[in-house]
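The values are calculated or read from the model by the stated rules, or taken from the named source; none is laboratory data. All of these numbers come straight from a predicted model, not from anything done at the bench. As a convention, Cβ positions derive from the backbone with ideal geometry for all residues, glycine included, and neighbour counts pool all protein chains shown. The protein model used for the area step is the full one, side chains on, heavy atoms only, and it has no ligands, DNA or RNA in it. Shrake-Rupley method; radii C 1.70, N 1.55, O 1.52, S 1.80 Å.
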Amino acid sequence: MLVSPFRLITITQSLAIFTFVMRDYFVENRRIITMPQSFGSVKSGSDLLLKLHCGFQRDRNFNKFKLSRQGLASKKLLAHTHLFSRVMSVFSNKVNPITGKMEWEMHDDEYDFHQEIARSSYADMLHDTERNEKYQVALESAIKTMHENGKPAHVLDIGTGTGLLAMMAARAGADSVVACEAFEPVGRCAQQIIKQNGFENHIKVVPKRSTALTVGLNCDLPHRANILVTEVFDTELIGEGAFATFSHAHKELLEKDCIVVPSSATVYAQVIESNFVSRWDNLKPLRNGAELVVDTPLDVASCPGAAAVHDIQLSQLSPELFKTILPPEPVFRFDYSGRSPVIRDRSTVQVLKAACDGTAHAVFMWWDLVMDTKGEVILSCAPFWAHPSNAKSPNDIPWRDHWMQAVYYLPKPISTKKDQELTLISSHDEFSLWFNLGVDLKLKDKDYMRPVCSCIAHATLSRTRIGQINDEQRTQKYMEAFKTLINKDSICLSVGDSCLIALAAAKLGAKLVLCVESSPLMRRILENYVQHNNLKSQVKVFDESSLDKEAFMRNISEKVNVILSEPYHMSSILPWENLHFWYQKYEMKNILSESCVTLPCKGILYGMAVEFRDLWKIRAPLKNVQGFEMKSFDELIDTSSNRVDCKWEAQPLWEYPCRALSKPTKLLELCLSSDVPEKNLNSSGSLDILGSSACNGIALWMDWALDPEANYVVSTGPAEDVKIDHQVSWDVHSRQGVYLFVEPIPQVASLSFTTVFNPKSGSMSFDFKADNLKVVQPA
């Protein structure tokens, strides 16, 4: 049984703080767990955590957990950690992000398998036509080369997944093909696909990790292979344990003169200045226009940050939002052919001239693969402005979500002058990269070291949340709303995570501000801010998890007359899950005055029919890939999704272009000034489809009205007025809810909807159905 890592982590109580930090990375930074095969067995909770620290892999579906195909995706490897009998149902413990209560969920014995399958990234990867084509060309070339040299072509496919690359090799004339797949359900599916395509007598599928393969008579491989094909790469290139995979394969599974597909990789770095991008790095002071309201403590402002990769679709970042300090430069080359030694820890130092005056804030990173031995077949992950095809826009390059680009933040900003010589320091270990920049060659040991957060904030807050706190327009709306509300008699209760804006209420003259934080780490950060801004007499900070209500009551002599929230909760994923403060308000109603004002006073859920340009691919059936039928895989995904999967997922839609097909439509309105209702709230209506394209998805978001007249509204949705059939501009510091139709809905006049809010569980459910077909006028 695959056990949720948090069930294991909780066994090791001494690592509770680290557990909380990891939870935030999983939820907010869209992470999934990767345990490369080099990790071997997991013997303890601390052993697991240490290995998790080195093994992150990115996935857009951050609300799920997934083990990599080359990872510990086997029942047997984790069975000894299971706390329940294998013959019983599986119970998992989780925090309800809305109600804040711990809940037990009961699942059948195969739940984790089906969840992993439903949220796997195979479909997204196999929709990448360029990737598929270049793997095919490189395989055909390798097999042809072996035959021209008078040798049989013996192919090993590591991490075969659906069996696509193995079938390509067989079709290209390989004399033998062995494919290994550690994740049993997908391995079985691969065998079905291979059989359906007529290659069952040409391909042997072994249900093992490559490090467990044996070579020899009556073994997994009868002899060493002379062609290796594999795809064990992530956005960071090395995060899936590529070093260990290739190193072991060359040592134990391959001939010395073998051909490897791909044969090498190159990592590129571009140093940039961008006030926009730097918003995701360090917390900035809160300002009311030019006026400083809440200053940032020195240790937070000067913290070098964290080296954790920030992976985004860089092509959706307008070149107008950054300035190039150092143009794209190759910083690492990795030789997978086996002809050069594998160096798992190294740094490169390059002296380069600055392209302009400015301030270096961050490094953009991407990589390319050389697929063949001649260096003629290149697969590039570069953003459009640096793509070798000389692309003019994001539409001119292949779209992919399984490999993206990344941002690494420099430990401190560096001022530069045009033509000044700068020292770019690029480093990597077995699983990750980091960068630094110097103004001369007088380097010290610390210049090569990985940045480590010393202020806790980077370890506690996600990049999305840091950007949200640094959003000046958002802050300005709160400040304007506060001015109409806060006075010298205000007793404020702030409920929410990392609610720095509550300190602004104290600065504006509130008599007392009581801050309730769910994170012990965030409590420490907030107390640091309180002390730095001389607010200890006005602001008290409490930890929600250990909140003693009697002690809490002793801190106030008067009842609360203002309750405020951003709202934001660390464990929330979907936009409407940030309602936790509403439930906390209800729990504390005995300390609220009868005239207590709530900010925000309303939460409005909106929906809009859209046509996604590319995002639909992550949930679309494969059907046929490179001439191979994938029906079995589509059925496997569909079955698992229907069994365990939530139909709604959160995505940062600014990275995924879409066109509006309907106007934003109110799906449900919640009166947050009132108590949480006892009965379900229902709403129904229709989204009128006014656009000319087929609808392949629904986008949802929350608007938070800070005042009854809605003069000040904080929206997590469109940043500009929506125009039908035009691309939507989304708030870049929020994630929206998304539902993707398996097949697009053409020629529909409207979509009827029903929305149900269950206050007992805090859950929101939706039902969208196509209504009347459009009447198409003859030409």
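Considering every residue within region 693-708, establish whether at least one is more than 24 Å from residue 578 (Cα to Cα) and small (Gly, Ala, Ser). Yes; the residues of region 693-708 include at least one that is more than 24 Å from residue 578 (Cα to Cα) and small (Gly, Ala, Ser). All conditions but one from (1) touching a helix residue (DSSP H, G or I) at 6+ places or on another chain (Cβ under 9 Å); (2) within 23 Å of residue 432 (Cβ to Cβ); (3) not aromatic (Phe, Trp, Tyr); (4) not in a loop (DSSP other than H, G, I, E, B) apply to residue 327; the one that does not is (2). Remark: residue 337 matches the filter, which requires a residue to be hydroxyl-bearing (Ser, Thr, Tyr) and either out of contact with any helix residue (DSSP H, G or I) (no Cβ under 8 Å at 6 or more places or on another chain) or touching a residue at least 12 places away in the same chain (Cβ under 8 Å) (or both). Within region 573-591, the presence of a residue that is crowded, with 22+ Cβ neighbours inside 10 Å, under 31 Å from the mean Cα position of the chain (by Cα) and part of a strand (DSSP E or B) is excluded. Of the numbered criteria (1) modelled with pLDDT under 90; (2) among the β-branched types (Val, Ile, Thr); (3) within 31 Å of the chain's Cα centre (by Cα), the one residue 625 fails is (1). Residues that are surrounded by 19 or more Cβ atoms within 10 Å (Cβ to Cβ) and in contact (Cβ under 8 Å) with a residue 60 or more places away in the chain were ranked within region 387-398; the one that is farthest from residue 655 (Cα to Cα) is 397. Report yes if residue 307 is of a type in the set (Gly, Ala, Ser) and not in a loop (DSSP other than H, G, I, E, B), otherwise no. Here the answer is no, as residue 307 does not meet what is asked. In the set (1) open to solvent by 10 Å² or more (accessible area, probe 1.4 Å); (2) within 26 Å of the chain's Cα centre (by Cα); (3) more than 22 Å from residue 426 (Cβ to Cβ), residue 285 fails one condition alone, (2).
Among the residues of region 143-169, how many are on the phi < 0 side of the Ramachandran plot, over 31 Å from the mean Cα position of the chain (by Cα) and not hydrophobic (A, V, I, L, M, F, W, C)? Total satisfying the criteria: 8. Condition (residue is touching a Leu at 6+ places or on another chain (Cβ under 9 Å), touching a residue at least 12 places away in the same chain (Cβ under 8 Å) and under 30 Å from residue 591 (Cβ atoms)) applied to region 447-459: is it met by at least one residue? So far as region 447-459 goes, yes, one or more of its residues are touching a Leu at 6+ places or on another chain (Cβ under 9 Å), touching a residue at least 12 places away in the same chain (Cβ under 8 Å) and under 30 Å from residue 591 (Cβ atoms). Among the residues of region 625-637, the one identified as acidic (Asp, Glu) and loosely packed, with under 15 Cβ neighbours inside 10 Å is 635.
Restricting attention to region 534-557, does a residue exist that is surrounded by 22 or more Cβ atoms within 10 Å (Cβ to Cβ), under 23 Å from residue 287 (Cβ atoms) and not aliphatic (A, V, I, L, M)? Checked against the condition, which is being surrounded by 22 or more Cβ atoms within 10 Å (Cβ to Cβ), under 23 Å from residue 287 (Cβ atoms) and not aliphatic (A, V, I, L, M), region 534-557 yields no hits at all.
At least 3 residues being open to solvent by less than 10 Å² (accessible area, probe 1.4 Å) and touching a helix residue (DSSP H, G or I) at 6+ places or on another chain (Cβ under 7 Å) is the threshold, and among the helices (runs of 4 or more DSSP H) wholly inside region 182-281 those reaching it are 184-196.
Kindly establish whether residue 382 is outside any loop (DSSP other than H, G, I, E, B), open to solvent by less than 10 Å² (accessible area, probe 1.4 Å) and in contact (Cβ under 8 Å) with a residue 12 or more places away in the chain.
Here the answer is no, as residue 382 does not meet what is asked.
Looking at region 403-425, is at least one residue part of a loop (DSSP other than H, G, I, E, B) and open to solvent by less than 10 Å² (accessible area, probe 1.4 Å)? There is at least one residue in region 403-425 that is part of a loop (DSSP other than H, G, I, E, B) and open to solvent by less than 10 Å² (accessible area, probe 1.4 Å). Can you say whether residue 233 is under 33 Å from the mean Cα position of the chain (by Cα) and of a type in the set (Phe, Trp, Tyr), as far as the supplied structure shows? Here the answer is yes, as residue 233 does meet what is asked.
The set of residues in region 558-572 that are surrounded by fewer than 16 Cβ atoms within 10 Å (Cβ to Cβ) and at pLDDT below 90 contains only 558.
Does at least one position in region 694-703 carry a residue that is part of a loop (DSSP other than H, G, I, E, B) and either out of contact with any strand residue (DSSP E or B) (no Cβ under 8 Å at 6 or more places or on another chain) or within 26 Å of residue 95 (Cβ to Cβ) (or both)? Walk me through how you get there before you give the answer.
Taking region 694-703 as the starting set, the residues that turn out to be part of a loop (DSSP other than H, G, I, E, B) are 694.
Going one step further and asking which of them are either out of contact with any strand residue (DSSP E or B) (no Cβ under 8 Å at 6 or more places or on another chain) or within 26 Å of residue 95 (Cβ to Cβ) (or both), we end up with none.
Looking through region 694-703, none of the residues is part of a loop (DSSP other than H, G, I, E, B) and either out of contact with any strand residue (DSSP E or B) (no Cβ under 8 Å at 6 or more places or on another chain) or within 26 Å of residue 95 (Cβ to Cβ) (or both).
Residue count for region 737-765 satisfying the condition of being touching an Asp or Glu at 6+ places or on another chain (Cβ under 7 Å), closer than 21 Å to residue 701 by Cβ and surrounded by fewer than 17 Cβ atoms within 10 Å (Cβ to Cβ): 2.
One residue alone among 459, 510 is buried (at least 20 other Cβ atoms within 10 Å of the Cβ), touching a helix residue (DSSP H, G or I) at 6+ places or on another chain (Cβ under 9 Å) and assigned to a loop (DSSP other than H, G, I, E, B), and that residue is 510.
Every condition in (1) surrounded by 19 or more Cβ atoms within 10 Å (Cβ to Cβ); (2) modelled with pLDDT of 95 or more; (3) more than 24 Å from residue 584 (Cα to Cα); (4) not basic (Lys, Arg) holds for residue 649 except the one numbered (2).
Given the condition open to solvent by 60 Å² or more (accessible area, probe 1.4 Å), among the hydroxyl-bearing types (Ser, Thr, Tyr) and either part of a strand (DSSP E or B) or modelled with pLDDT of 95 or more (or both), answer yes or no: does some residue in region 122-129 qualify? Scanning region 122-129 turns up at least one residue that is open to solvent by 60 Å² or more (accessible area, probe 1.4 Å), among the hydroxyl-bearing types (Ser, Thr, Tyr) and either part of a strand (DSSP E or B) or modelled with pLDDT of 95 or more (or both).
For first residues located in region 660-688 and open to solvent by 60 Å² or more (accessible area, probe 1.4 Å), partners that are outside any strand (DSSP E or B) and among the polar types (S, T, N, Q) and lie 6+ apart or on another chain with Cβ distances below 7 Å form the pairs 688/662. On the stretch given as region 89-117, residues that are β-branched (Val, Ile, Thr), at pLDDT below 70 and open to solvent by 20 Å² or more (accessible area, probe 1.4 Å) total 0.
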